[in-house]
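Each value in this text was obtained by applying a stated rule to the coordinates, not by laboratory testing. Only a predicted model underlies this, so the values are computations on that prediction, with no experimental measurement involved. Cβ placement follows ideal geometry from the backbone for every residue including glycine, while neighbour counts extend to all protein chains displayed.
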Amino acid sequence: MGAVLTRRRFLAISACAVAVPARAGEVARWRGRALGASTSMILTGLTPAQAAPVFAAVERELDRLEAIFSLFREGSEIARLNRVGRLRFPSAEMVAALDLSGRLHRATGGAFDPTVQPLWQALAEGRGPRGAAVGWRHVRRDREEIRFARPGMAITLNGLAQGIVTDRLAALLRGRGLTDLLIDMGEIVALGRRPDGAPWRAGIAAADGRVLKTVRLADRAVATSAPLGTVIGGRGHIIDPRAPGRPAVHATAAVSAPQAAVADGLSTAFCLLDAPAARAVVAAFPGARIEALETA
């Protein structure tokens, strides 16, 4: 059975975050797609004409990052690694993504593990997880090469790649002197303030659409994960690599942090950890904060 896609993320910008007052000043908006997700931006202080070269730079950067992290682009770095089990001279972004994956794996006791990709594939094909080549300890990496020590391995960085891309876009925009903006890739980064001077706000929604909490964001990111955001093989897409048949602990987990990649990875792992364990883990990541945990 193939994957039945619903919404992977349940993070909704609240109406007050996107409604721009009539006298708020110049505002430019952009919409597109990245890593299969709808993406949008709001930049304050620029007219659409002034923002055009900025958005062109954003699109070039997205294309570059897709060529690293997209599982669906045949020539991407991750696709090549999964196809042959080896990647020579990986990009700095890929190395950084695996370094963060290692930190998350250690901190969460193995709940976060990018090598779950073969489990996804087995479920999508209607097979059981028995025999799937999984295990972060079998990933060998340095600045010159990434390789798998077991045949049949593959990785997915879907648990943090959108966060990494969001952080890269925020850095690009900061480098152009922009200080008040919002980026929404499912993970949200908000810098500065809204066009009317108020804080940005994001509503954290459950799988059924209920808003669990509204958070204020300033120079901060928030990410939400929900196992039923994608249904694959009749079950939620967040699989516990330590026990693939074990159900998720939380139906919704939301984390905010200074970096979207950290918030993204932690929210994914916290679907599989009980609340005391999640609180212990979040303390290891400076500035990170649990915003919502809804029991499954």
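With respect to the chain, whose longest principal axis is taken over its alpha-carbon atoms, helix 161-175 is tilted by about 30°. Neighbour counts of other Cβ atoms within 10 Å put Ser256, Ser225, Ser40, Ser101 in the fewest-to-most order Ser40, Ser101, Ser256, Ser225.
With a cut-off of 13 Å, note down the residues of region 62-91 whose backbone N falls inside the zone around a label point 7 Å from the Cα of Arg147 toward its beta carbon. Residues passing the 13 Å test: 84-89.
Restricting attention to region 141-200, which GluC sites (Glu not before Pro) occupy a DSSP loop and are surrounded by at most 14 other Cβ atoms within 10 Å?
Details: sites: Glu144, Glu145, Glu187; in loops: Glu144, Glu187.
Filter output for region 141-200: Glu144.
The distance separating the Cα centre of region 177-222 from that of region 239-254 comes to 26 Å. Counting 0.36 nm for each residue step from Ala56 to Arg86 and taking away their Cα separation leaves a gain of 7.5 nm.
Given contacts defined as C-alpha pairs under 8 Å and at least six residues apart, what's the relative contact order of the chain, whole-number percent? Intermediate results must be reported in sequence, preceding the final value.
On the way: 628 pairs, mean separation 66.1, N = 296.
For the chain, the relative contact order is 22 percent.
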